[in-house]
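All of the numbers you see were taken from the coordinates with simple rules; none came from a lab. Predicted model, so just to flag it, every value in this text is computed and none were measured. Backbone-built Cβ (ideal geometry, glycine too); neighbour counts: all protein chains shown.
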Amino acid sequence: MVEYNLFQIVNHLIDMVQHIVVDEGYGAPESAYEALELLAEKGVFGTNEVQLFRKMVGFRNVVGHDYISIDKKVVHLILTTGLDDIRRLVSRITARFL
């Protein structure tokens, strides 16, 4: 259940990023990664945020496509240290675009 909630959080972040790219006229991304790169080009995200977001999307893909092989240690790490990373990304997005 925790994995699904993390899956949903990342999906919402992807939706936000893709909408921002389109709404700001930065392009028409075909993937979450492309949307992220467009925002990085515009200075919205730095290298650390890009790497973090890529990891988040990768985790989301594992949850969505290969649920059985999820490493519970990774889930625990996300819950104990990664929530601040998620908050930081959301704060950066909302501070600039809301």
*What is the helix-to-structure angle for 2-23, meaning the angle in degrees between its Cα long axis and the longest Cα principal axis of the chain, kept from 0 to 90 and rounded to the nearest 10?*
10 degrees
*Taking LYS42 as the anchor, which aspartates and glutamates have their alpha carbon closer than 17 Å to its alpha carbon, excluding any fewer than eight residues away along the same chain?*
ASP23, GLU24, GLU34
*Of the listed peptides 41-47, 10-16, what is their order by residue-averaged count of other C-beta atoms within 10 Å, with the highest listed first?*
10-16, 41-47
*In degrees from 0 to 90, rounded to the nearest 10, what is the angle of the helix 32-41 Cα long axis to the longest principal axis of the chain?*
50 degrees
*Using only helices, what value at 222 nm comes out for the chain when you add -39,500 (n - 2.57) per DSSP H run of length 4 or more and divide by the total residues, to the nearest 500 deg cm²/dmol?*
-24000 deg cm²/dmol
*the stretch 1-27 and the stretch 31-98: distance between their alpha carbon centers, rounded to Å*: 9 Å
*For the chain, what Kirkwood radius comes out of the mean inverse Cα-Cα distance, in Å?*
13.8 Å
_Given the options GLY64, ALA35, GLY82, identify the residue whose Cα lies farthest towards the positive end of the charge dipole of the stretch 2-97 (+1 on Cβ of Lys, Arg; -1 on Cβ of Asp, Glu)._
GLY82
